[in-house]
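The values are calculated or read from the model by the stated rules, or taken from the named source; none is laboratory data. Just so we're clear, the structure is a prediction, and the values are computed from it rather than from any experiment. Here Cβ is always computed from backbone atoms with ideal geometry, including for glycine, and neighbour counts include all displayed protein chains. Please note that ligands, DNA and RNA were not included when accessible areas were found on the heavy atoms of the full protein model with its side chains. Shrake-Rupley method; radii C 1.70, N 1.55, O 1.52, S 1.80 Å.
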Amino acid sequence: MKVMVIGGGGREHAIVKALKKSPDIDTLYCLPGNGGIAADAICVAVDAKHIPGMVAFAKENSIDFAVVAPDDPLVLGAVDALTEAGIPCFGPDKKAAIIEGSKVFSKNLMKKYGIPTAAYETFSDIESACRYIETLTAPVVVKADGLALGKGVIIAESLEEAKEAVREMMGDKKFGDSGLNVVIEEFLTGPEVSVLAFTDGNVVKPMVSSMDHKRAHDGDEGLNTGGMGTIAPNPYYTAEVAQRCMDEIFLPTIAAMNAEGRTFKGCLYFGLMITPNGPKVIEYNCRFGDPETQVVLPLLESDLFTIMRAVSEGKLAETEVKFSAGAACCVVMASDGYPLSYKKGFEITYDEGLEAEVYIAGAKLDGEKLLTNGGRVLGVVATADNLAEAVKKSYANVEKVHFENAYYRKDIGKRALEA
Ligand code: AMP
Ligand code: GLY
């Protein structure tokens, strides 16, 4: 079969590498892919947000199945357009992708169906939002309604800072139309857990849990980034917590989306916080996480393509989703300066004897050479029988990957190992 993956980062590289193992796939395309993905799939220069472009490519090349990985095309309706063109897809349609596309929607959904989340109010004008902030005690969390590249969340340490964040989002339009509406919510505490789950709208099959490391610097200091590393499984996600999440969050969410006429099919990402009052939802994403996918898929023992087709056909109940008992660690190597400004265009080289997967996020080919071409450049992923070994092995292999200006956190997995 001919399969195309939409997207072009480290997550898509991990998806491509996992799909490549499937005996049912003859040709694998990635739109647009990147210089590193080009080693594993045929990369086609169609932007991931250019829906007519991907539909035209799929038709012209008789694509049998499409995997839409990033949030933007999902929220814009890529799955609807491809489905209409007769191409089966993995991913939610536009109606369901709103669970990530609008925080106002997802918060109201949770309130309506009693799914545990931080207490909140939503606002569409600055005055009411600021008046409400006056009634709170800091810290206060301010979130832009729409997609904002993971940057639309401000943890304000004072009420003044919270009001400033509201003015920036709603008045100065710092996040464009994404900030026309805001959510103001209670600050929660506790360890964070990411759970990606396959669902076809009937059943939900969670993948191995993981932990992201969002801040730029060691010790969770510095600016928020797209993610500087991940580990799986997450030690805070005990069997007891997992059962509570299934009963109180996962199943109720699937049922709520069905009740709203917005059946979700694809990978639903639960960003959870394990608070002293039990697990609560911090956010939903309508897609695989990045860089969570880079540690989750290497532990998947079942065939990813078989699962994706089952999700698309509503047959997930009878399909095996099995993970190994081992652990994985992903250390992201970024361009120094990320997430602000950074230089790119440096050659990436590897020493011999690399014992890890390298998923390329931001690189381009220049002849035979692979050059850095983004903030997050690549993820070095090792798997092992246990987390301590996986972390050690990842860092040993990071030493074997070279490019000028490389920066990475030295403490990925530290908190998990201390847990
Ligand atoms: P989000 O984009 O919604 O995942 O938020 C980004 C990060 O902000 C999360 O991973 C949390 O670390 C933090 N965060 C978001 N909401 C809250 C909250 N209500 N309380 C505490 N931290 C939060
Ligand atoms: N790693 C967080 C995300 O994918 O949104």
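Values as computed for the structure displayed
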item: Most mobile listed residue (256, 325, 18) in the chain, GNM with C-alpha springs under 10 Å; result: 325
item: Potential extension, residue 238-residue 127 segment - 0.36 nm per residue separation minus Cα distance; result: 35.6 nm
item: Label-point separation, residue 414 to residue 396 (7 Å along Cα→Cβ), nm; result: 2.1 nm
item: Where only C-alpha atoms are counted, convex hull volume of the chain per residue in Å³; result: 138 Å³
item: Overall dimensions of segment 264-304 by Cα: Rg and Dmax, Å; result: 12.5, 37
item: Rounded D (µm²/s) - segment 276-366, Kirkwood Rh over Cα pairs, Stokes-Einstein at 25 °C, 0.890 mPa s; result: 143 µm²/s
item: Whichever aspartates and glutamates have a C-alpha closer than 16 Å to that of residue 392, once near sequence neighbours (fewer than 8 apart) are set aside; result: 355, 357, 411, 418
item: Using alpha carbons only: equivalent-ellipsoid semi-axes of segment 104-200, gyration tensor based, whole Å; result: 23, 16, 13
item: Among 237, 342, 408: highest mean-square fluctuation, GNM of the chain, C-alpha pairs under 10 Å; result: 342
item: Computed FRET value (nearest 0.05) for residue 384 with residue 192, which takes r as the C-beta separation and R₀ as 22 Å; result: 0.45
item: Separation between Cα centres of segment 51-129 and segment 387-402, rounded to whole Å; result: 35 Å
item: Two-site label geometry, residue 404 and residue 317: point separation in nm, points 7 Å out along Cα→Cβ; result: 6.0 nm
item: Stokes-Einstein translational diffusion, segment 327-419 - Kirkwood Rh over all Cα pairs, 1.567 mPa s, 4 °C, in µm²/s; result: 96 µm²/s
item: Average projected area [Cα convex hull, segment 171-313], square nanometres; result: 10.5 nm²
item: Rg/Rg_ref, segment 32-153, where Rg_ref = 2.2 N^0.38 Å and atoms are Cα; result: 1.40
item: FRET efficiency estimate (nearest 0.05) - Cβ-Cβ, residue 113 to residue 167, R0 22 angstrom; result: 0.10
item: Pairs beyond 27 Å (Cα-Cα), from 21/414; 95/344; 95/364; 343/410; 49/112; result: 21/414; 95/344; 95/364; 49/112
item: Solvent-accessible area of residue 27 with every protein chain in place, 1.4 Å probe, in Å² to the nearest 10; result: 40 Å²
item: Computed lengthening from residue 95 to residue 136, 0.36 nm per intervening residue step minus Cα-Cα distance; result: 11.4 nm
item: Accessible carbon and sulfur surface of the chain relative to its total accessible area, %, 1.4 Å; result: 49 percent
item: Rounded if a/c under 1.5, otherwise prolate or oblate - segment 210-260, Cα gyration tensor axes; result: oblate
item: Max mean-square fluctuation residue, GNM over the chain, Cα-Cα springs under 10 Å, options 400, 103, 364; result: 400
item: Fraction of beta bridges assigned by DSSP in the chain that are antiparallel (%, nearest 5); result: 80 percent
item: Reachable aspartates and glutamates, given that their alpha-carbon falls under 15 Å from the alpha-carbon of residue 173 and they are not under 8 places away in the same chain; result: 125, 145, 164
item: Local electrostatic count at residue 262 - Lys and Arg +1, Asp and Glu -1, tallied over other residues with Cβ under 10 Å; result: 0
item: Solvent-accessible area per residue for the chain (1.4 angstrom probe, square angstrom); result: 41 Å²
item: Histogram of C-alpha separations across segment 1-56, 10 Å bin width, %; result: 27, 56, 17
